[in-house]
Every structure is written in structure tokens, then in C-alpha cells.
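First the structure, in the form of C-alpha cells, and then the observations on it.
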Amino acid sequence: MKTDNELIAEFMGWESFKEDLWHDPKSPKIMDLYEHYEMRWKTSWDWLMPVIQKIDLLNQQDPISLENYDVAYMPLSTPINEVYEDVIEFIKWYNQLKEVRKTIKQT
């Protein structure tokens, strides 16, 4: 079972090495490797905001499917831990949606 941080890492296109190490291929530092517990999405707005921006971009591309997920439009005063939990909920839902669409295409 993947941790919440691993779900976000996959969603953001990070690569996994040796099961426990993760790397952002967009990072200029080639050896910038993280274990799931070192990822700071739950505590750092600098880490979490690109995830929220990606969700917002997906919503702009497919507003009908994502209309119930307005993570990008939460009040600025929302605590980071609440936003993080909503992001995790969205990614789990989005992954299920991708699987359903993949199944439909195959039939």
C-alpha cells in the first residue's frame, strides 16, 4: 500500500528508485532523492502549491469530471493539513477515474 506522500509523488510524475527512494525528474539536482517520510507536502506550502496548481490545471481541462473537487479554490486561511487531506482525497478519486476510463477504452 502506498503512503499518501507516495501517491502525491506519482501524481506529480516523480520516479521511484529501489522501492523507497523518489526523485522529481524536473529537479535540477540529479541526486535529490527522498524517502516517503522526507517529503514535505503535508507541512510545506512550497511543496503543496505545485500539486494544487496541477489539480487546477486538470480541472480547467476537464471541468465536468472534476467539478466536485475545488481544492484550488479553498480559502487562503485553510490550514495546510486540511488542504493536504483534500489533495490526497482528490488523487485517490482521480486515480480511480483514470482506471475507469482506461477500462472503458479497452471495451
Kindly indicate whether any position in the stretch 30-44 is over 12 Å from the mean Cα position of the chain (by Cα), of a type outside the set (A, V, I, L, M, F, W, C) and under 18 Å from P75 (Cα atoms). yes
Test result for T43, at pLDDT 80 or above and in a loop (DSSP other than H, G, I, E, B): yes
Does the stretch 8-38 hold any residues that are among the aromatic types (F, W, Y) and either surrounded by 17 or more Cβ atoms within 10 Å (Cβ to Cβ) or modelled with pLDDT of 85 or more (or both), and which are they? F11, W14, W22, Y34
Sort out which residues of the stretch 1-29 are small (G, A, S), under 24 Å from W93 (Cα atoms) and over 11 Å from the mean Cα position of the chain (by Cα), and write them in order of number. S16
Residues being of a type in the set (D, E) and in contact with a helix residue (DSSP H, G or I) (Cβ under 8 Å, 6 or more places away or on another chain) - total across the stretch 74-107: 1
Can you name every residue in the stretch 24-37 that is over 11 Å from E6 (Cα atoms) and either assigned to a strand (DSSP E or B) or out of contact with any strand residue (DSSP E or B) (no Cβ under 7 Å at 6 or more places or on another chain) (or both)? D24, K26, S27, P28, K29, I30, M31, L33
Regarding the stretch 53-67, can at least one residue be identified that is of a type in the set (D, E), at pLDDT 85 or above and over 19 Å from D4 (Cα atoms)? yes
So which residues in the stretch 1-23 are touching a residue at least 24 places away in the same chain (Cβ under 8 Å), of a type in the set (D, E) and part of a loop (DSSP other than H, G, I, E, B), if there are any at all? none
Which condition from (1) at pLDDT 80 or above; (2) surrounded by fewer than 17 Cβ atoms within 10 Å (Cβ to Cβ) is the one that N5 breaks? (2)
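The values are calculated or read from the model by the stated rules, or taken from the named source; none is laboratory data. The model shown is predicted, which means the values in this text are computed figures rather than measured ones. Neighbour counts run over all protein chains shown; Cβ positions are idealised from the backbone, glycine included.
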